[in-house]
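A short write-up of the structure that comes next.
The values are calculated or read from the model by the stated rules, or taken from the named source; none is laboratory data. None of the values given here were measured: they were computed from a predicted structure. In this analysis, Cβ positions are derived from the backbone assuming ideal geometry, glycine residues included, and neighbour counts consider all displayed protein chains. The protein model used for the area step is the full one, side chains on, heavy atoms only, and it has no ligands, DNA or RNA in it. Shrake-Rupley method; radii C 1.70, N 1.55, O 1.52, S 1.80 Å.
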Amino acid sequence: SIELALYHKLHGKYTFDIEAKAPLQGLTITLNGTPQTVVYDGKHAYVEVALEDNSNKELSTFDVTFPAAAEIKSIKFTTKLEQ
């Protein structure tokens, strides 16, 4: 398992995406201790979360638990910029 403390600035929908070298299945992701619904897309596993404005500059903690060993290619935490 891994724990990542990440910062966001703007409110909106964020995607936390894990890409592996092989297809992913069966992992769990929590955000600040709350289980999230994981979507699987081949070698990607991701969650989409709505986050409020972060004027307090607090970190969001994602905990990822893998059911077996996995070689991670990338981890992305992204949102579309507000206009």
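Remark: the chain carries 67 Å² of accessible area per residue (probe radius 1.4 Å; ligands, DNA and RNA excluded). If you count Lys pairs in the chain whose Cα atoms are under 25 Å apart, skipping same-chain pairs closer than 8 places in sequence, the total is 16.
Sparsely packed loop sites in the stretch 32-83 (the GluC sites (Glu not before Pro) outside DSSP H, G, I, E and B with at most 15 other Cβ atoms within 10 Å) comprise 52, 58, 71, 82. Length gained on full extension, residue 73 to residue 1: 24.4 nm, using 0.36 nm per residue less the C-alpha separation.
For the chain, the alpha-carbon radius of gyration amounts to 1.09 times the rule-of-thumb value 2.2 N^0.38 Å expected for a compact globular protein.
Could you check how much of the accessible area of the chain is carbon and sulfur, as a whole percent, using a 1.4 Å probe? Ligands and nucleic acids excluded, carbon and sulfur give 50 percent.
Take every Cα pair under 8 Å whose residues are at least 6 apart in sequence, average their separation, divide by the length of the chain, and the relative contact order is 48 percent. Largest GNM mean-square fluctuation across 18, 72, 29, computed for the chain with C-alpha springs under 10 Å, falls on 72.
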